[in-house]
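Visitor: Can you read through this structure? Questions will come right after.
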Amino acid sequence: MSSALDQIFVHLKGWLLFLIAGAPSWLIQIVSSLINIVAVLAVFLTLFALISVLERKILARMQNRYGPNRVGPFGLFQPIADGIKMLIKEDIVPARADKVVHFLAPVILAAIAILTLGVIPYGRNMTPFTINGGILFFFAVGSVTELAVFMAGWASNNKFSMLGAMRAIAQMFSYELPLIIAVLPVVMVVGSLVPDRIVAAQGGYTLGVVPRWFVFTPWGATAFLLFFVSGLVESNRTPFDVPEGESEIVAGHMTEYSGFKYATFFMAEYLGMFAVSGLAVTMFLGGWRAPLGVLEFVPSYVWFFLKLSALLFVYIWLRATLPRTRVDQMMNLAWKFMLPMAFTCVIAAAVWHYAGRGLRGWLWALLVIVVVYSALSVLLDTRGKFARRIYRFAE
Amino acid sequence: MTPTLQAFLIVSAGLFSIGLLAALSRRHAIFILIGIEMMLAAANLNFIAFWHFAPPPHPSTGVMIAIFSIAISAAEAAVGLAMVIAVYRHYRTTNVDQFNQLKG
Amino acid sequence: MNSVAFVIIAIFTLAAALAAATLPNLMHAALCLVLALLGLASFFFLLGAEFVGLVLVFIYVGAVAVLIVFTILLTGRDSREHRGFNWSGVVIALAVFGCLTWAILKAQSLTIVPPHIRALTVRQIGQVLMAGYVWPLQCVGVLLTAALIGALVLVLEEKR
């Protein structure tokens, strides 16, 4: 019974494909891909609508107010109202803008976010697209984001847009390194770039209680934190929303966008956030695996989306809690602290592997990380004094 | 019908020639770099095509050389663009015809 | 691997490359270069070298293209000043293309039927890279470090 519930969507797809069983194989392949695409789009666009209203409600609760509660029960139909509002707004394109690039930028951003969602395993046998090197695909496609943001900033022909795009690229470039290097230890330990294998490697329980997720090893916990913070930066969320800090540069690269194009940017940002969180769940939090042996009767996709929601809640929580960082502080953090720590994770994972992956390896890995962390804290300690800001202008 | 090795080589030759065109006929330094990148990419396509059509023992040399050449072209692009910026600071232009002195 | 996909990708790649080489606006040219490289990456996918295709997208589109675009901005918008186009370059490029095509079409050994594709997995690439190609790998590492430092030194503000 539980396995039937677990595989219900897989069976549903198999049944749909059975309807066209007589068709040539290429048609079946195309239909199969289309079903996957429709499923991913349906699930994540619904989640986007839900999160956009939940975020406002949670933020409101944390700030002692109600938040949207007029449209529908508990204000849950708010996204529909927002969507209609965005659709009927005038679409303004600046006269001196580069029309084609200006139009393409939000489209490319949204397309990238959807593509990256395609390689994440959402449940047992529920990976939309399995390719040999899924993690690399994620990052290769994700790296196009910078170009799309740049296109938006440049094509708008606006100072604020340009400044926002420059800031966005600077921070995305800096944080892409820790993001990718934090993934390396997992890839090393599993020996595969396929997300399904990574989830499979995290099965089982130590002593029958603690699941073998990578986040429960010292290197995994460190890498997870690094990955999470870098993911915050990559999706331009507070406290790292420097590129679109509305008190400094209007809305950054989105300044000259209105109506549905602006909504597309908004959607791409949220989808990107889902993708990064989904990858974090896959890499460090055991993907769709249950946290306890007795809870394995709950379908796998439920666990995946529970973990995803927990991470998304932390995103919203951080937004309600932390103020925006300064650009130079962010860069210092990335290059002086996060990058060395990410490399330390790689070394600690190797130590953990060669010390036998048991308690001994656990302690040795912890030692490596603590030593490097202490050394970095001593080296980077400014004793409460901050150096003068030095401006170096690009000419 | 599947494309033969010849087809891939002709596409690669076309890409190379277009890169050559960009490198030879444009005055802007960045265009020249774009042209060089295109020529290197065409060479990569050749490596991969020859690897794919190699006879049975199927050595992975082509793939390896392509990977190394991608890494090297990344280094080349970084240094080349840094040079463009450095030269721009001196001459206030990126037109290669005006870079006609060795003295700064 | 079928020829329909081949023809589509070939036309796409060559058109984007031609646009990158001839468009007057530098930024458009850089974006067309990205399109051409994406076409090239899909060629790699077609040929069964997924890993190299992904690396190509990752490095060229993610890093080199952004670098080019950044440089275009840092060097100001003076792409309009010199529209000069050297027509002898066209002649030379056409001549090179003609020679290459003639040579390729003449060579009899190139009309090979594609052998059975044995996909090269990432694991195999890693093993080969760590076994037979360790020294080239180290050299590339040194080269990249040197290039990084060299680029930094070049663009750092000069002492006046």
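Visitor: Treating each Cα of region C:3-80 as an identical point scatterer and ignoring solvent, apply the Debye formula and state log10 I(q)/I(0) at q = 0.17, 0.19, 0.27 Å⁻¹.
Guide: -0.67, -0.79, -1.19
Visitor: Based on DSSP H assignment, which helices of chain A show an axial Cα extent of at least 15 Å together with a mean Kyte-Doolittle hydropathy greater than or equal to 0.0?
Guide: A:8-19, A:25-62, A:78-88, A:99-117, A:144-155, A:159-190, A:218-234, A:259-284, A:300-321, A:339-354, A:359-380
Visitor: Where does chain B land at 222 nm, in deg cm²/dmol rounded to the nearest 500, when only DSSP H runs of n ≥ 4 count, each adding -39500 (n - 2.57), divided by all residues?
Guide: After summing the helix terms and dividing by the residues of chain B, the value is -26000 deg cm²/dmol.
Visitor: Say R0 is 25 Å: what FRET efficiency, to the nearest 0.05, do residue A:159 and residue A:63 get from their beta-carbon distance?
Guide: Using R0 = 25 Å, I get an efficiency of 0.20.
Visitor: Other chains' Cβ within 10 Å of A:318-330 residues: what's the mean?
Guide: 0
Visitor: Tell me the relative contact order for chain A as a rounded percent, counting alpha carbon contacts under 8 Å between residues six or more apart.
Guide: 20
Visitor: Can you find, among A:262, A:236, A:219, the residue sitting farthest towards the positive end of the charge dipole of region A:206-273, where Lys and Arg contribute +1 and Asp and Glu -1 at Cβ?
Guide: Highest projection toward the positive end goes to A:219.
Visitor: So what's region A:225-368 giving for Cα Rg divided by 2.2 N^0.38 Å, two decimals?
Guide: 1.29
Visitor: Leaving out ligands, DNA and RNA but keeping every protein chain, what accessible area does residue A:260 have, in Å² rounded to the nearest 10, with a 1.4 Å probe?
Guide: In the full protein context, residue A:260 sits at about 110 Å².
Visitor: If you average 1/r over all unlike Cα pairs in chain A and invert the result, what Kirkwood radius do you get in angstrom?
Guide: Mean inverse Cα-Cα distance, inverted, gives 22.8 Å.
Visitor: Whats the longest run of chain A with zero trypsin sites (Lys or Arg not before Pro) that are DSSP loop and have at most 16 other Cβ atoms within 10 Å?
Guide: A:97-211
Visitor: Can you give the Rg/Rh ratio of region A:42-149, where Rg is from the C-alpha atoms and Rh is the Kirkwood radius?
Guide: Radius of gyration over Kirkwood radius for region A:42-149 works out to 1.07.
Visitor: Within region A:196-231, list the residues whose amide N lies under 15 Å from a label point set 7 Å along Cα→Cβ of residue C:123.
Guide: A:196-201
Visitor: Now, a different point. In µm²/s, what is D for the protein assembly as shown at 10 °C and 1.306 mPa s, where D = kT/(6 pi eta Rh) by Stokes-Einstein and Rh is the Kirkwood radius from Cα pairs?
Guide: Translational diffusion coefficient: 59 µm²/s.
Visitor: Between residue A:363 and residue C:134, what FRET efficiency follows from the Cβ-Cβ distance if R0 is 35 Å, with the result rounded to 0.05?
Guide: Computed FRET efficiency for residue A:363 and residue C:134: 0.65.
Visitor: Determine the order of A:235, C:88 by accessible area, beginning with the largest, at a probe radius of 1.4 Å.
Guide: Most to least solvent-accessible, the answer reads C:88, A:235.
Visitor: Then there's this: Under 26 Å from the Cα of residue A:85, which lysines turn up, not counting those fewer than eight places away in the same chain?
Guide: Cross-link targets: A:57, A:99, A:261.
Visitor: Can you tell me how much longer the chain between residue A:77 and residue A:188 gets when fully stretched, taken as 0.36 nm per residue apart minus their C-alpha distance, in nm with one decimal?
Guide: My answer for the length gained is 35.4 nm.
Visitor: Oh, and also: Give me the extension gain from residue A:209 to residue A:18: residue separation times 0.36 nm, minus the current Cα-Cα distance, reported in nm with one decimal.
Guide: Taking 0.36 nm per residue and subtracting the Cα distance, the gain is 64.7 nm.
Visitor: What's the extension gain from residue A:45 to residue A:10 if we count 0.36 nm per residue and subtract their Cα-Cα distance?
Guide: Contour length minus the Cα-Cα distance gives 10.6 nm.
Visitor: For chain A, give the percent of accessible area contributed by carbon and sulfur heavy atoms, probe 1.4 Å, rounded to a whole number.
Guide: The value for chain A is 71 percent carbon and sulfur by accessible area.
Visitor: Would you calculate, for chain A, the mean residue ellipticity at 222 nm contributed by helices, counting each DSSP H stretch of 4 or more residues as -39,500 (n - 2.57) and dividing by all residues, to the nearest 500?
Guide: -21500 deg cm²/dmol
Visitor: What is the local net charge at residue A:124, summed over the other residues whose Cβ is closer than 11 Å to its Cβ (Lys, Arg +1; Asp, Glu -1)?
Guide: So the surrounding residues net to -2.
Visitor: At residue A:320 and residue A:260, where each label point lies 7 Å from the Cα along Cα→Cβ, what is the point-to-point distance in nanometres?
Guide: 3.4
Visitor: Could I ask something else about it? If one takes the accessible area of chain C alone plus chain B alone and subtracts that of the pair, with a 1.4 Å probe, what total in Å², rounded to the nearest 100, results?
Guide: The buried area between C and B, both sides summed, comes to about 7000 Å².
Visitor: Any chance you could get the radius of gyration and Dmax over the Cα atoms of region A:88-247, in Å?
Guide: 19.0, 67
Visitor: Here's something else I'd like to know. For region C:121-160, just run the numbers: alpha carbon Rg, then divide by 2.2 N^0.38 Å, N being how many residues it has.
Guide: Taking N as the residue count of region C:121-160, the ratio is 1.80.
Visitor: Out of every Cα pair in region A:122-194, what percent are spaced more than 21 Å from each other?
Guide: 44
Visitor: What is the Å³ per residue value for the convex hull set by the Cα atoms of chain B?
Guide: Per-residue hull volume (Cα only) is 99 Å³.
The values are calculated or read from the model by the stated rules, or taken from the named source; none is laboratory data. Note that this is a predicted model, so its numbers are computed, not measured. Every residue, glycine among them, receives a Cβ derived from its backbone with ideal geometry; neighbour counts consider all protein chains shown. Surface accessibility is based on the protein's heavy atoms, side chains included, excluding ligands, DNA and RNA. Shrake-Rupley method; radii C 1.70, N 1.55, O 1.52, S 1.80 Å.
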